[in-house]
Amino acid sequence: MAPGLEEQQNHQGGHQNLQQSLAIYKASIFRHQEIGHKSLLQSDALYQYILETSVYPGEPEPMKELRELTANHPWNIMTTSADEGQFLSMLLKLINAKNTMEIGVYTGYSLLATALALPDDGKILAMDINRENYELGLPVIEKAGVAHKIDFREGPALPVLDQLIQDGKYHGTFDFIFVDADKDNYLNYHKRTIELVKVGGLIGYDNTLWNGSVAAPPDAPLRKYVRFYLDYVLEFNKAIAADPRVEICQLPVGDGITLCRRIS
Ligand code: SAM
Ligand code: CA
């Protein structure tokens, strides 16, 4: 091959690769213009970069197994993402959480992240109307040796919270409460969780950016379920920002999580 030709071909190949990468990048940005995508980041490529560089390498083996198992389930859109699982795990360790609650379990990805992050005598009161999905993930949780921390209650969460409040002895006892269930009940949950979390403790409300729809123009094309819950999420976000009993931090992790620290 004539000197320089290989280099030129490499250069052309590189150029083609660059063109290809640009096309993929543009396509991924275009895809993100549709309201209702799972990630709130600027592009799929950027999200993938975070997962591959910073999340997957340190993801505990049982969480990987549960994530892969859940990926085959028809409702997998509901699962907590791996980056959010990583965030929850870090947060729980930072606040030395021991007594926690989760509303909305599905197959248990955030539950497992929590169970792995708590000390051996840590507790999670976990509620879901659907036991079947919880039981799909349960063998993985058992194999990970953390099932003893979980008290799973099948059924709607509100009556369980009411019972805890009525009992009296649970007031201000939870270090962390993760709310990830029916979005139309978030304000009802908040009325109760605020009494059950301790002063200085945290409540995390999930999906509070609701696929980015909270800031979408009125005529934006929204998936049916996104449109259905949008007004509830908007109302919740306004109310929580005005609640003097908590200080909040809105994080664009996953689908948006609002952290509320109880201050009074
Ligand atoms: N945190 C879960 C995870 O990491 O995979 C995802 C939870 S999923 C988004 C929402 C869950 O809330 C569903 O499993 C659903 O059955 C449950 N749910 C819906 N309404 C509920 C209610 N009133 N009380 C308790 N759970 C409820
Ligand atoms: Ca969620």
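The table below lists the values:
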| item | result |
| --- | --- |
| Among (1) touching a Ser or Thr at 6+ places or on another chain (Cβ under 9 Å); (2) under 11 Å from residue 112 (Cβ atoms), the one test that residue 97 misses | (2) |
| Test set (1) within 12 Å of ligand 1 (Cβ to nearest atom); (2) more than 24 Å from residue 175 (Cβ to Cβ); (3) of a type outside the set (D, E, K, R) - residue 41 fails condition number | (1) |
| Test for residue 144: is it away from ligand 2 (no atom under 16 Å from the Cβ) and surrounded by 21 or more Cβ atoms within 10 Å (Cβ to Cβ) | no |
| Test: residue 204 is within 16 Å of ligand 2 (Cβ to nearest atom) and either over 21 Å from residue 95 (Cα atoms) or not basic (Lys, Arg) (or both) | yes |
| Qualifying residue in the stretch 200-216 (condition: more than 24 Å from residue 47 (Cα to Cα), modelled with pLDDT of 95 or more and not hydrophobic (A, V, I, L, M, F, W, C)) | yes |
| Checklist (1) in contact with a helix residue (DSSP H, G or I) (Cβ under 7 Å, 6 or more places away or on another chain); (2) outside any helix (DSSP H, G or I); (3) within 16 Å of ligand 2 (Cβ to nearest atom); (4) not charged (D, E, K, R) applied to residue 214, failing item | (2) |
| Residue among 245, 227, 262 that alone is of a type in the set (Lys, Arg), crowded, with 18+ Cβ neighbours inside 10 Å and farther than 28 Å from residue 50 by Cβ | 262 |
| Breaking point among (1) of a type in the set (Phe, Trp, Tyr); (2) part of a helix (DSSP H, G or I); (3) within 30 Å of residue 171 (Cα to Cα), for residue 106 | (2) |
| Residue satisfying condition, being more than 8 Å from ligand 1 (Cβ to nearest atom) and in a helix (DSSP H, G or I), within set 83, 121 | 83 |
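Residue by residue, here is whether (1) in contact with a His (Cβ under 8 Å, 6 or more places away or on another chain); (2) within 16 Å of ligand 1 (Cβ to nearest atom); (3) touching a residue at least 12 places away in the same chain (Cβ under 8 Å); (4) assigned to a helix (DSSP H, G or I) holds:
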| residue | (1), (2), (3), (4) |
| --- | --- |
| 166 | no, no, no, yes |
| 189 | no, yes, yes, yes |
| 192 | no, yes, yes, yes |
| 219 | no, no, no, no |
| 232 | no, yes, yes, yes |
| 258 | no, yes, yes, no |
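The values are calculated or read from the model by the stated rules, or taken from the named source; none is laboratory data. Note that the structure is a prediction, hence the values are computed from the model and not measured. Heads up, the Cβs are rebuilt from the backbone with ideal geometry, glycines too, and the neighbour counts pull from every protein chain shown.
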